[in-house]
Structure formats: C-alpha cells, structure tokens
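Input: a single structure, listed below in structure tokens.
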Amino acid sequence: MTQLEQLHADLAALDSQHLRRIRRDNTTPCSPHVVIDGEPYTAFCSNDYLGLAGEPRLAAALAAGALQWGAGAGASHLVSGHYTVQHALEQRLAAFVGCERALYFATGFMANSGALPALAGRGDAIFADKLNHASLIDGMLLARADVHRYPHLDLAALERQLARSNAARKLIVSDAVFSMDGDVAPLVELMRLAEQYDAWLYIDDAHGFGVLGPQGRGTLAEAGISSWRLIQLGTLSKAAGVSGAFIAGHADVIEWLMQKTRSYIFTTGTPPALAQALLASLDIIDSDEGNARRAHIAALIERLSTGLRQTRWRLLPSRTPIQALIVGDNAAALKLAAALLEEGLWVPAIRPPTVPAGSARLRISLSAAHGEGDVERLIEAINRLEHSL
Ligand SMILES: Cc1ncc(COP(=O)(O)O)c(C=O)c1O
C-alpha cells in the first residue's frame, strides 16, 4: 500500500467510526439565526455567548480601525508590528481583570500552546486536569516538562501528585470553564494547593471571560482570586465576539512571556483594527447593556436546564452557556443532531477525540442573542425525539 493509499484508508476508517467532520458554509453573519444553502436554522453552536460577533457597533469599530490602521500589522510585535491601539487594549484588559499587565495574542490556541513551554521546561512539572483544552495539552507536550494529568476536578489526586513531586518549578494548569462539559473548576481550592505546594496556577478562562463574574470580568474575578502566582488567559473570540486572546498576571510574568513565548515572537502581529473592535466590545461587556445580556443568558440557561432534565440523554450540570447533553454512542449523537437539523435546529454533535470515547454529546451553546422561543423550540424537540429516535 502506498502512503497515499494508507491515508485514503485512514479517512475511510473515520467514516466507519462516525468520526469524519464536515463544515457547513454560512451565508449570513454569526447569529443564532443563520441561513445555510438557502435554508434558515436556529443555531446553538457558537461561543458567541453575548451575541456580539455580528454586532454592527463592533463591525463599525473594525471598519474604522481598518481605515485608520490599514489591513495588516506588517511584522511581528517585537520587530515593528505593534501599535498604540494594541497597547491600549492590553492596558484595558489588565485593568478589567485586575492584573498588573496583559499580553495580547492572535488566538487562544497560540497563547496556550506557546505560554506553557515558556513557563516550564525539562525537569519542571506540570499538573493538568484531564479535560483541559487541546491547546493546553499541546503546550504541555511542547514544554517537555514532566506531565501529571489528574482525573477531572479530582483535587485529592492533584494533591497526591503535588506532594510526590520534587520538581523545582511546578505549574498547575486548568480550564476555568470546561469547554465541552460547561462545568467550572474549583478555583479557590486550586489556588490553595498552588500556595501550599509553591506552584504557579495557570487558568484558561476562555469561556468565562465576558460571561461570569462582576461586569463579566471572568471566573477568577467571580471567585475573588488574585495572586502573583496566578496567570490567566481570556479569549477575545468567544464572548468578546472578535478574535484573539490575552494572558494577564504579574508584570514580571508577562514580561517573561513576551520575551520567551515562541508563538508570540515568531508570528506576524495581529491586524491593529481588531484591537479597535475589541475596545468597542469591552465597552459593551463592561456596561449595563453587558449586564442585561448576561442576565438574559442566565435566564435561558435556567430554562434549558429545567426543561431538559427529564430526558433519557443526560444533561451535565452546568451553570454556564455550555450545556452538554450526553448521548454516549457516536452514531446516536449524530442521529439526534441530524433529526434536530431536519427541524431547523442546528446543534453540533461532539465526538472523540474532542471528548472521551463513549461520551459523544450534543454541545448546546446558548447566546444572549437567542430568544426565549428559540430555547423553547429546542426543549420541545429534544423531549419529543427522546421517544421517537
Ligand atoms: C478552553 C479553551 N481554550 C482555548 C481555546 C482557543 O481559543 P481560540 O479559539 O482563540 O484559539 C478554546 C477554544 O477555541 C477553548 O475552548
């Protein structure tokens, strides 16, 4: 068999395991109400939790930014591709999450996968929740540190691993809100362990930033944690509705990351216009309007979790916009997603390797742009399909 034939067989194996992924081409901007191939759908797929991705005020800021700053950055940030609007964004983000300094990255994936190798290396130890995001997992592998993965949220296991380690530098790494389950890490307890075992605590708040905490300042602000040990990442592509990410923490930590993070140094700076759109997004997040959007989404979460509680598929407990309905089998999850799609409801079926084998699920994600009627339709359809599929 040639290598190409082998690849062909590997692709066919994805089909037989119901693991081949497909893309659908949107013909309308990001919104819960989309049109694909001329057909309207109500979508429960995006991470646009506050409904800002298609917001005209952000698009206007982006357009004004492009007119002022042009289309591209031209070089990496440390050469000549850094702009005052990006500096202003970093200062605003740091103040918003209550840290000394922040560093703005092109994407959350680049931030996580680059920062962990900058913070830990050979001979150091990284302690990571088993359900952490792929970008953290890749960052850990790139770090070449000793990796200890503890069962999801199992603080006793984490503590045993910390107690056994004699690494000079220790780094505890966790999602704040787990991206496929929607549950929240025990941040206060993680910080207590970090202090007890003299470790850094790296928290990825991709899904909490903008949604949780006072004014949407994130899961760490909600938990009331601040420490020089704390290094936090927030994405700007999810609730903030644009693109990019930031890491915030003690000024020395951020300076170190700027000096050492390869995915920051060896890549072209992000287009400065994006920072202008993000400043407009922060204006909304940190306002009464932002509070109203968060209150609306909280009401939708409450309605969905009470409405679906009786189904034979298992809804994981979650107080965040990520609501996971566990179906189990890959084919069954795909069948349920297809049946919903027939009714104009677009909910993604998430399968391994994104989630552990045997836990294929619908990842229902709610947005402040959903109406109550959208959620009622989804509840009614799932509760009905439970009996007919
Ligand atoms: C927990 C978590 N961290 C990081 C990322 C990566 O962020 P970005 O999409 O900005 O690359 C994601 C999702 O994409 C995520 O779910």
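No value in this document is a laboratory result; all are computed from the given coordinates. The structure displayed is predicted, hence computed values, not measured ones. Methodologically, a virtual Cβ is constructed for each residue, glycine included, from the backbone with ideal geometry; neighbour enumeration extends over all protein chains shown.
Of note:
- Using C-alpha pairs below 8 Å separated by at least 6 residues, the relative contact order for the chain is 23 percent.
- Computed about its Cα centre, the charge dipole of the range 56-285 is approximately 420 debye, with only Lys, Arg, Asp and Glu carrying charge at their Cβ.
- Using a Förster distance of 25 Å, the FRET efficiency for Ala168-Ser76 (Cβ separation, nearest 0.05): 0.20
- Ranked packing of 112-120, 262-270, most packed first, by mean Cβ within 10 Å: 112-120, 262-270
- In terms of its Cα atoms, the range 335-389 spans 33, 29, 15 Å along the principal axes, sorted from long to short.
- Förster-model FRET efficiency, 45 Å R0, Ala331 and Gln91, C-beta, rounded to 0.05: 0.35
- Inter-centroid distance (Cα atoms) of the range 339-357 relative to the range 182-225, Å: 29 Å
- Here's how it looks for Ala102: its modeled amide H is under 5 Å from those of Ala94, which are all 5 or more places away or on a different chain.
- Sites Glu342 and Thr2, calculated FRET efficiency, Cβ-Cβ separation with R0 30 Å, nearest 0.05: 0.15
- Using the Stokes-Einstein relation with a Kirkwood hydrodynamic radius computed over Cα pairs, the translational diffusion coefficient of the range 87-204 at 10 °C and a viscosity of 1.306 mPa s comes to 108 µm²/s.
- Its relative contact order, with pairs defined as Cα atoms under 8 Å and 6+ residues apart, puts the range 56-285 at 31 percent.
- Evaluating 6.51 cos²θ - 1.76 cosθ + 1.60 at θ = phi - 60° for every residue in the range 30-43, the Karplus couplings come out as 4, 5, x, 10, 10, 10, 10, 6, x, 9, x, 9, 9, 9 Hz, glycine and proline recorded as x.
- Value of Rg/Rh across the range 198-351 [Cα atoms, Kirkwood radius]: 1.04
- Residue-averaged [θ]222 nm for the chain, counting only DSSP H segments that reach four residues, each worth -39500 (n - 2.57): -13500 deg cm²/dmol
- Sequence ranges 133-145, 201-213, 242-254, 374-386, ranked by mean other-Cβ count within 10 angstrom, highest first: 201-213, 242-254, 133-145, 374-386
- Note that the range 235-241 has calculated 3J(HN,Hα) couplings of 9, 10, 9, 9, 4, 6, x Hz, one per residue in order, obtained from phi through the Karplus relation 6.51 cos²θ - 1.76 cosθ + 1.60 (θ = phi - 60°); glycine and proline are x.
- The P(r) of the range 56-285 has a tail past 32 Å containing 16 percent of all C-alpha pairs.
- On the principal axes of its alpha-carbon atoms, the range 154-280 has extents of 48, 31, 24 Å, going from largest to smallest.
- Rg/Rh for the chain, where both radii come from Cα atoms and Rh is the Kirkwood radius: 0.97
- Antiparallel bridges, percent of DSSP beta bridges restricted to the chain (to nearest 5): 55 percent
- Here is the P(r) of the range 19-159: all C-alpha pair distances, binned every 5 Å from 0, give 2, 7, 10, 12, 15, 16, 15, 12, 8, 3, 1, 0 in whole percents.
- Extension gain, Ala292 back to Thr28 (0.36 nm per residue minus Cα-Cα distance, nm): 92.5 nm
- In this structure the amide hydrogen of Ile36, modeled in the peptide plane, comes within under 5 Å of the amide hydrogens of Tyr41, none closer than 5 places in sequence on its chain.
- Stretchable slack from Ala63 to Ala251, in nm (0.36 nm times residue separation minus alpha-carbon distance): 64.5 nm
- The DSSP beta bridges internal to the range 56-285 are antiparallel in roughly 40% of cases.
- Inter-part distance, the range 243-269 to the range 1-40, computed on C-alpha centroids, equals 34 Å.
- Close amide-amide hydrogen proximity is noted between Ala206 and Ala176, Val177, Thr235, each under 5 Å apart and 5 or more residues distant or on a separate chain (H modeled in the peptide plane; Pro and chain starts excluded).
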